[in-house]
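Asker: For reference, the structure I am asking about is given below.
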Amino acid sequence: MSRLIVVSNRVSVPKARGAAGAQGGLAVALGSALRERRGIWFGWSGEETPHFTGDLDMQRNQGVTTATIDLEHQDVEEYYNGYANRTLWPLFHYRIDLAEFERDFGKGYERVNQRFADSLYPLLESDDVIWVHDYHLLPLGERLRARGAKNRIGFFLHIPWPPTRLFVSLPYHDRLVRSMLSYDLVGFQTEEAVESFLHYCARELGADVDDAGTVRFEGRTTRVRSFPIGLDYDEFCEAGNSGEARNAQQRVLSSSRGRKVMIGVDRLDYSKGLPERFDSISRFFDAYPERVAETLYIQIAPPSRQDVSSYQRIREVLEGKAGQINGARSEVDMVPIRYVNRGYPRNALFGFYRAARIGLVTPLRDGMNLVAKEYIAAQHPEDPGVLILSRFAGAADQLGEALLVNPHSAEEVSEAIRVAQDMPLDERKERWQALRETVSSQNVVNWRRDFVNALAGD
Ligand code: ADP
Ligand code: G6P
């Protein structure tokens with residue numbers, strides 16, 4: 001069996017089972033694939049160096065070999081904070097109003113992709129299978145090919161792919177997509193993203209695109225398919241057996257004193273629809289004032305990408321909204337919203353999800369959204385809670401038995417909260433059983449197996 005080389009901006013070493021880690025599930029899933037195939041996980045160390053050397057830091061941890069490089073401050077500014085998170089992330093999440101088109105960002109992005117290729121190439125063996133992840137590294141395959149790599153190379157995009165009309169507002173958009181056609185396989189989260197990408201290839205590049213999703217362009221062939229990412233279901237359920245999960249659940253239940261708990265768990269990111277969600281909750285309290293005292297909303301939102309101004313702004317906006325809602329509605333012994341800016345270990349998250357009768361997952365746009373799947377996995381079979389899910393999350397394609405909402409409509413979300421609070425046990429169980437079946441069967445292990453099999457052909 002050929003070796004698997006995984007490449008991503010961040011490299012996350014699988015930790016001991018149940019330990020904290022923002023990329024926990026993915027690290028575990030890719031970790032087992034890497035162990036099976038004696039593979040290497042390559043990427044940025046997260047550290048800065050005064051002068052780029054390309055020196056590799058190789059480590060072996062839990063049976064997985066990682067190889068990381070340090071980047072210069074200018075690289076991090078132009079590639080990570082710049083092109084990846086000020087240009088591509090907002091544009092791909094349909095926020096062209098937030099997208100910044102700076103020449104230096106584009107140059108930094110190309111430079112770092114070249115640096116990745118230059119450092120990775122000497123590690124490669126001729127039959128290695130290479131799997132590149134996410135929007136930071138769209139042109140990496142092309143850079144590896146230019147160095148001479150003849151390996152099978154696949155790419156998976158974890159975030160949405162925008163419609164052609166939106167995507168063409170990116171300067172040099174054609175260069176970016178042409179570079180992606182160096183991959184043998186390109187994977188997206190949803191069919192919608194696949195269709196948008198194929199539409200672009202046919203219409204803007206004049207590529208030959210067939211019904212099976214094969215793109216032929218300038219002598220190369222690229223297969224394009226959707227591979228919706230799943231949860232590491234078994235690992236996450238095991239988290240529920242921990243004392244930490246039980247304590248977390250108990251902590252919420254005892255401090256909420258019989259109020260109906262709703263929960264949101266999101267990186268503090270404008271794509272997650274948090275201001276709109278807070279407005280919807282405010283509207284719910286306006287519409288049903290008698291329910292204020294019997295409802296508690298817990299929002300866990302760890303800060304993210306704090307060097308980017310749009311992320312600093314969303315933080316200020318939310319602090320304002322949480323303050324206003326609580327200021328207007330609190331009693332001396334009761335606040336309707338608990339707004340917490342920190343991360344928690346996965347075991348504790350499991351307990352929080354289980355304590356909540358409603359999970360609110362209302363991004364304005366999201367590639368998939370794993371929180372929705374975690375909320376389902378954490379529910380008690382005899383008394384499951386209700387998932388309120390944005391129709392604009394990739395997860396909505398799979399989780400049709402959730403209460404699907406338009407997150408822009410405060411009225412619709414407010415009404416969904418009322419319906420969820422009043423939902424009879426039989427209906428909650430019926431919906432949840434169907435959702436659990438999907439989340440457990442379409443899990444992350446099957447996801448990576450499908451992708452790697454499609455790429456490696458074994
Ligand atoms: P994104 O990848 O855009 O952040 P997802 O919902 O797909 O969105 O994945 C987020 C992951 O980060 C989930 O596994 C979730 O449990 C984890 N996460 C989010 N907020 C926290 C938090 N406060 N503490 C720990 N993990 C968190
Ligand atoms: C999303 C992206 C990932 C990214 C993660 C955390 O899930 O798809 O590529 O790693 O957010 O963001 P960060 O910028 O902290 O790596």
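Asker: Would you count, across the chain, every pair of lysines whose alpha carbons are under 23 angstrom apart, provided the pair is eight or more residues apart or spans two chains?
Answerer: On the way: Lys15/Lys373; Lys260/Lys272; Lys260/Lys321; Lys260/Lys373; Lys260/Lys429; Lys272/Lys321; Lys272/Lys373; Lys373/Lys429.
Taking the Cα cut-off of 23 Å, the pair count is 8.
Asker: Another one. Using a Förster distance of 22 angstrom, determine the FRET efficiency expected from the C-beta separation of Asp450 and Arg35, and round it to 0.05. Numbers along the way, then the final one.
Answerer: Working: r = 18 Å, r/R0 = 0.84.
That gives a FRET efficiency of 0.75.
Asker: What is the local net charge at Phe236, summed over the other residues whose Cβ is closer than 9 Å to its Cβ (Lys, Arg +1; Asp, Glu -1)?
Answerer: Around Phe236, the charge tally is -3.
Asker: For the chain, what is the Kirkwood estimate of the hydrodynamic radius, computed as the reciprocal of the mean inverse distance between distinct Cα atoms, to one decimal in Å? Walk me through the numbers before you get to the answer.
Answerer: Numbers: mean 1/r = 0.0435 Å⁻¹.
Computed over the chain, the radius equals 23.0 Å.
Asker: Pop a pseudo-label 7 angstrom from the Cα along the beta-carbon direction at both Glu48 and Asn326 and give the gap in nm to one decimal.
Answerer: Output for this residue pair reads 3.3 nm.
Asker: I'd like the antiparallel share, as a percent to the nearest 5, of DSSP beta bridges with both residues in the chain.
Answerer: Antiparallel bridges make up about 20 percent of those DSSP assigns within the chain.
Asker: Separate question: Tell me the relative contact order for the chain as a rounded percent, counting alpha carbon contacts under 8 Å between residues six or more apart. List each step's numbers first, then the result.
Answerer: Numbers: 899 pairs, mean separation 66.9, N = 458.
Rounded, it is 15 percent for the chain.
Asker: Right, here's the next one. Apply the Karplus parameterisation 6.51 cos²θ - 1.76 cosθ + 1.60, with θ equal to phi minus 60°, to every residue of segment 255-271 and state each ³J(HN,Hα) to the nearest whole Hz, in sequence, with x for glycine and proline.
Answerer: Coupling constants for segment 255-271: 7, 8, 6, x, 6, 7, 8, 10, 10, x, 10, 8, 4, 6, 9, 5, 6 Hz.
Asker: Taking 8 Å as the Cα distance limit and 6 or more residues as the minimum spacing, I'd like the relative contact order of segment 233-441 as a percentage.
Answerer: Values: 374 pairs, mean separation 55.1, N = 209.
Relative CO of segment 233-441 lands at 26 percent.
Asker: Calculated from DSSP H runs of 4 or more alone, at -39500 (n - 2.57) each and per residue, what is the 222 nm mean residue ellipticity of the chain, nearest 500?
Answerer: Numbers: 16 runs with 187 residues, N = 458.
Result for the chain: -12500 deg cm²/dmol, rounded to the nearest 500.
Asker: How large is ³J(HN,Hα) for each residue in segment 242-252, as worked out from phi by the Karplus curve 6.51 cos²θ - 1.76 cosθ + 1.60 (θ = phi - 60°), to whole Hz, x for Gly and Pro?
Answerer: 7, x, 4, 5, 4, 4, 5, 4, 5, 4, 6
Asker: Provide the percentage of antiparallel DSSP beta bridges, counting only those with both residues in segment 233-441; round to the nearest 5. Could you put the intermediate results ahead of the total?
Answerer: Values: 1 of 21 bridges.
If we restrict to bridges inside segment 233-441, about 5 percent are antiparallel.
Asker: Continuing with this model, one more query. Please work out the Cα convex hull volume for segment 233-441 and give it in Å³ per residue. Let's see the in-between values first.
Answerer: Numbers: hull volume 23.5 nm³, N = 209.
Hull volume normalised by residue count: 112 Å³.
Asker: Starting from the Kirkwood radius over alpha-carbon pairs of segment 222-324, derive D by Stokes-Einstein at 10 °C in a medium of 1.306 mPa s and give it in µm² s⁻¹.
Answerer: Translational diffusion coefficient: 95 µm²/s.
Asker: Right, another one. Using a simple charge model, +1 on the beta-carbon of Lys and Arg, -1 on the beta-carbon of Asp and Glu, nothing else, what dipole does segment 354-393 show about its Cα centre, in debye to the nearest 20?
Answerer: Computed about the Cα centre, the dipole is about 160 debye.
Asker: First measure r as the distance between the Cβ atoms of Glu294 and Leu166, then evaluate 1/(1 + (r/R0)^6) with R0 = 60 Å and state the FRET efficiency to the nearest 0.05.
Answerer: On the way: r = 42 Å, r/R0 = 0.71.
Efficiency, rounded to the nearest 0.05: 0.90.
Asker: In addition: Just to be sure I understand the model, the point goes 7 Å from the Cα along the line to the Cβ. What's the resulting Asp97 to Val419 distance in nm?
Answerer: 2.8
Asker: Here's something else I'd like to know. Could you list Cys201, Cys237 so that the one with the fewest beta carbons within 10 Å of its beta carbon is first and the one with the most is last?
Answerer: Working: Cys201 24, Cys237 14.
Going from sparsest to densest Cβ surroundings: Cys237, Cys201.
Here, each number is a calculation from the coordinates, and none is a lab measurement. The structure displayed is predicted, hence computed values, not measured ones. We place every Cβ from the backbone using ideal geometry, glycine too, and count neighbours over all the protein chains shown.
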